[in-house]
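Have a look at the structure below, then the notes.
The values are calculated or read from the model by the stated rules, or taken from the named source; none is laboratory data. Every value quoted in this text rests on a predicted model; they were computed, and no experiment measured them. Cβ placement follows ideal geometry from the backbone for every residue including glycine, while neighbour counts extend to all protein chains displayed. When the accessible area is computed, the model is the full protein with side chains, heavy atoms only, and any ligands, DNA or RNA have been set aside. Shrake-Rupley method; radii C 1.70, N 1.55, O 1.52, S 1.80 Å.
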Amino acid sequence: MEAKTLFDKIWDSHVVKEVEGGPSVLYIDRHFIHEVTSPVAFLGLEKRGAKVLRPEKTVATPDHNVPTINQHLSIKDELSRNQVEMLKKNCANHGIVYHGLGTEGHGVVHIIGPEMGITQPGMTIVCGDSHTSTHGAFGAIAFGIGTSEVEMVLASQCIMQPKPKKMLITVNGQLSKGVTAKDIALYIISKISTSGGTGHFIEYAGSAITSLSMEARMTLCNLSIESGARGGMIAPDETTIEYVKGRQFAPKGQDWDKAVAYWKSLKTDEGAVFDTELVYDAADIEPMITYGTNPGMGIGVSQSIPTSDGLAGTDKTTYEKALKYMGYSEGEKMVGKQIDYVFVGSCTNGRIEDFRAFAAFVKGKKKADNVTAWIVPGSQAVEKQIRAEGLVEILEAAGFELRQPGCSACLAMNDDKIPEGKYSVSTSNRNFEGRQGPGARTLLASPLTAAAAAVKGVITDPREFL
Amino acid sequence: MSYDKFITLTSTAVPLPIENIDTDQIIPARFLKAVERKGFGDNLFRDWRYDKSNQPIADFPLNQAKYSGKILVGGKNFGSGSSREHAAWAIYDYGFRVVVSSFFADIFQGNALNNGILPVVVSPEFLEKIFATIDADNNAQFEVDLQNQKFTIKATGESADFTINPYKKHCLTHGLDDIDYLISMKEEIAAFEK
């Protein structure tokens, strides 16, 4: 039998039809929707007089556009409120489960799926959001889609996709102290750039990857899209099975045994061929921070901003434009630079382990006076856990206040906007110009590095404290 | 999504010689709050086009009268970032039908094709040639021939072949979208589910 990759096994078993000279018709097992990229899809569906084919396979929650304080009140911004209400209405009209603001199941869409056990190994999962790659951590094919494709899934439970190429990224060895999954991801993207993964689906392997917790794997897979890849995945193992077990929508009884047997078969066969293979050594990775305006512009926190030597033409002008926007100069050290804001949260780093790490770091310390911090749990369940574990008391004693779940300052669609020109150390996923508000300057980092910056008021190597 | 058929196009082009133009620049998140698909062109490249007081920024190419046309030419890795289809809607609504670059981000490329925008990939060298051509003559004409998959600099006759998936080409030239096709597959999909 032909040796297959993990990706091939799942992809091939979901192809309904190969269109001649065209993309594959791919069956979708789970579809997540949110308020921003779904309304036009529902509108299109209604215009065609079509119905949602399998409403039970779609799950909805509003996250991008919601306030992170006073969620019990009506949303103040009229357009945001309208979008959230439209999602609720569309779900009611089409029989789709909707996890509204303030309810037990509410949260960032990529946080609640895994939390409830909706995300499982071997599935095809899509959502009108590029960070759908998060779910690949379970050994699923998960990727972001546009609104036309959201409409396709609603109407037919399928989408049309060309099969991507395959990339294997192996990270061997043991991570150093203070180095997290976020740092692995930012390190890889700094090596291959924000277009290095384009056209590919990544499988992550190696001892540094298999030793990661499920939540850390989600952080890594989440950031796959920032390398340009469609998604990233990790073969399911005991860690995966242990995580899924007992969750609300996980298979039960005999179904569970059957599922586990199948999940255990989901790994790349010996001799299977990838289009691209990259190997890294975990020991080379240090806590990372970005200095520019795309996630590929990252360096070890102890290092200096690279010079533009060797760049020419559009490469050079693009580089100079980025540094100008950031207010930085070539060759400057990152450590010691003043910051103004810290944001902890998002689908990248908004899970309980992220808040545990942040709280453990700031315990017994104080937030720097020059720093405004927004600590935003990824879901109601995460918030509940933060409270149950007594982390709120630790955070409050150190001068941090916990907000309510949502995407928040990751993309600043709600009121959580970083003011123009201000520097924000953010655990989110994009440092594009204006991403966190018009003129905002974003420095991507792990929750640990964010905690160190929050306490010192300047960019700090978290290892100083460990 | 309905759009006009695409066969051939001859037009001047607007240059944006910047790399990694991400979807947050094409349409910032704060303009994604609409529940209908209209008016997105007004906010295309909003924060590069207008300053804080909503005054046009003079040196941004879209604000320069000397540049016009239905072709947008961008630096490599055009459309990286978010999956927001609003980026494609904004480009189409503004009046562009073709985006040329040496490299497109995957999701953007798919979204463009689903909305009647033709993404044309050319070599980095040819891309530089296009920028230089516009630089030398702002009124330089370019021809995009989808049937023969050819992009031509009219003044010199130099051309580059581009690739497109045959199915997507069929859709563009007939103004079709995937959704009707998928709906017509209902029985095959039901059979697959069993």
Consider A:Met160 carefully, then state whether it is within 11 Å of chain B (Cβ to nearest Cβ), farther than 30 Å from A:Glu277 by Cα, touching a strand residue (DSSP E or B) at 6+ places or on another chain (Cβ under 9 Å) and open to solvent by less than 20 Å² (accessible area, probe 1.4 Å).
no
Restricting attention to the stretch A:374-402, the residues that are in a loop (DSSP other than H, G, I, E, B), in contact with a Gly (Cβ under 9 Å, 6 or more places away or on another chain) and surrounded by fewer than 23 Cβ atoms within 10 Å (Cβ to Cβ) number exactly 1
Looking at the stretch A:306-317, which of its residues are away from chain B (no Cβ under 11 Å) and either touching a residue at least 12 places away in the same chain (Cβ under 8 Å) or among the charged types (D, E, K, R) (or both)?
A:Pro306, A:Thr307, A:Ser308, A:Asp309
From the set of residues in the stretch A:167-208 that are in a strand (DSSP E or B) and surrounded by fewer than 24 Cβ atoms within 10 Å (Cβ to Cβ), which is farthest from the other protein chains (Cβ to nearest Cβ)?
A:Asn172
Scanning for something within 14 Å of chain A (Cβ to nearest Cβ) and either out of contact with any Asp or Glu (no Cβ under 9 Å at 6 or more places or on another chain) or among the charged types (D, E, K, R) (or both), does the stretch B:136-150 turn up at least one residue?
no
Can you work out which of the residues in the stretch A:209-242 that are closer than 20 Å to A:Leu175 by Cβ and within 14 Å of another protein chain (Cβ to nearest Cβ) is surrounded by the most Cβ atoms within 10 Å (Cβ to Cβ)?
A:Ser224
Identity of the residue in the stretch B:58-94, without any contact (Cβ under 8 Å) to a residue 24 or more places away in the chain and within 13 Å of chain A (Cβ to nearest Cβ), that ends up farthest from B:Leu118 (Cα to Cα)
B:Asp59
Counting only residues that are within 14 Å of another protein chain (Cβ to nearest Cβ) and hydrophobic (A, V, I, L, M, F, W, C), how many does the stretch A:266-305 have?
1
Return the residues of the stretch A:60-86 that are more than 17 Å from A:Asp129 (Cβ to Cβ) and either open to solvent by less than 40 Å² (accessible area, probe 1.4 Å) or part of a loop (DSSP other than H, G, I, E, B) (or both); say none if nothing qualifies.
A:Pro67, A:Thr68, A:Ile69, A:Asn70, A:Gln71, A:His72, A:Leu73, A:Ser74, A:Ile75, A:Lys76, A:Asp77
Quick one: count up the residues across the stretch A:412-466 that are assigned to a helix (DSSP H, G or I) and closer than 23 Å to A:Ile69 by Cα.
4
Counting only residues that are open to solvent by 10 Å² or more (accessible area, probe 1.4 Å) and either more than 14 Å from chain B (Cβ to nearest Cβ) or at negative phi (or both), the stretch A:436-466 contains a total of 11
For the stretch A:390-435, which residues satisfy the criterion of being aliphatic (A, V, I, L, M) and more than 14 Å from every other protein chain (Cβ to nearest Cβ)?
A:Leu391, A:Val392, A:Ile394, A:Leu395, A:Ala397, A:Ala398, A:Leu402, A:Val425
List every residue pair whose Cβ atoms sit under 7 Å apart, with the two residues 6 or more apart in sequence or on different chains, where the first one lies in the stretch A:104-124 and is open to solvent by less than 10 Å² (accessible area, probe 1.4 Å) and the second, anywhere, is of a type in the set (Asp, Glu).
A:Gly107/A:Asp63; A:Val108/A:Asp63; A:Val109/A:Asp63; A:Val109/A:Asp129; A:Thr124/A:Asp29
In the stretch A:38-59, what residues are open to solvent by 10 Å² or more (accessible area, probe 1.4 Å) and part of a loop (DSSP other than H, G, I, E, B)?
A:Gly49, A:Ala50, A:Lys51, A:Val52, A:Leu53, A:Arg54
Quick one: which residue in B:Arg37, B:Arg49 is open to solvent by less than 50 Å² (accessible area, probe 1.4 Å), within 14 Å of chain A (Cβ to nearest Cβ) and over 17 Å from B:Ser80 (Cα atoms)?
B:Arg49
Please work out which residue is surrounded by the fewest Cβ atoms within 10 Å (Cβ to Cβ), limiting yourself to the stretch B:131-159 and to residues that are under 28 Å from A:Ser24 (Cα atoms) and without any contact (Cβ under 8 Å) to a residue 60 or more places away in the chain.
B:Asn148
Looking at the stretch A:318-363, which of its residues are surrounded by fewer than 17 Cβ atoms within 10 Å (Cβ to Cβ), more than 14 Å from chain B (Cβ to nearest Cβ) and not in a loop (DSSP other than H, G, I, E, B)?
A:Lys333, A:Gln338, A:Ala360
Criterion (within 10 Å of chain B (Cβ to nearest Cβ), touching a helix residue (DSSP H, G or I) at 6+ places or on another chain (Cβ under 7 Å), of a type outside the set (Asp, Glu) and free of Cβ contacts under 8 Å to residues at least 24 places away in the same chain) met by exactly one of A:Gly21, A:Gly44:
A:Gly21
